[in-house]
Amino acid sequence: MAESLAGSRVVQKALMRPVRLVPLAFLAVITVGTLLLLLPWAHAGEGSATLVAAAFTAVSATCVTGLTAVDTATYWTTFGHAVMVLLTQVGGFGIMSAATLLAFIVRGPIDLGFILVAGSMTLALLVLPTVILASREAIRAVPPSIREGSLALGATPWQTIRRQVLPASIPGMATGVILAISRALGETAPLLLVGATTFVTFDPQPFSTDGYSALPVLIFEYAKQPQAEFRELAAAGVIVMLIVLLAMNSFAVWLRNRYEQSW
């Protein structure tokens, strides 16, 4: 009985400290992912994968950092890629939690205040998974024969990546960046925690403490006003947001079709 009470107290203390809970959750997911990737049927070659390759891949998939020690396109089997997808999905919720945690850190320990840079930092962490995932898929789309041909001609692995793989995957990476910016265009929830609730009637400055806002927040605020002029502004804001969103997505599609290489 005493042991169960002690264990419940430990859990309650951990839940009361999100700064500790989020890293522990990430560590647990990375550990499980590393163990799954160490299984023999996760490695495309003979035997099991090395601990360094499994750990780096688990960290990359969970934290969406792009940190790899091997070529994930050819090193892992279908089971290994399934584990990576699962870790990415689980880590996606972690990234959302980390974005919320960053918002509290920006308001608390760092104490940046309600400035525009704080919102920029929060949105950057929120859209980072989209950029990293798109970049990784673009790199995986390069056929292994391109790598093998470059290595057969005497190029080093770094020269192969720098002169063959990366140039061929740049269109996919650029598409991921544009789609990430399009996603950030409509994100509001994390910004509400760092001060994007101000009724702005001026141009905010990056380090000014006068406040800032986001277009979705302004649309919501304008729509609540009883004056007809504000409702017209809210409708105009919706149209502007849709035009920008469609333009950016169309540009991403054009960029991919224009520079995509067929192998």
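Sort Thr34, Thr62 so that the residue with the fewest other Cβ atoms within 10 Å of its own Cβ comes first and the one with the most comes last.
In increasing order of surrounding Cβ atoms, one gets Thr34, Thr62.
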Per-residue Cβ neighbour rank within 10 angstrom, fewest leading, Glu148, Glu137: Glu148, Glu137
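Read-outs throughout are calculated quantities, based only on the coordinates presented, and are distinct from any laboratory measurement. Note that the coordinates shown come from a computational prediction; the quantities given were computed from them, not determined experimentally. Methodologically, a virtual Cβ is constructed for each residue, glycine included, from the backbone with ideal geometry; neighbour enumeration extends over all protein chains shown.
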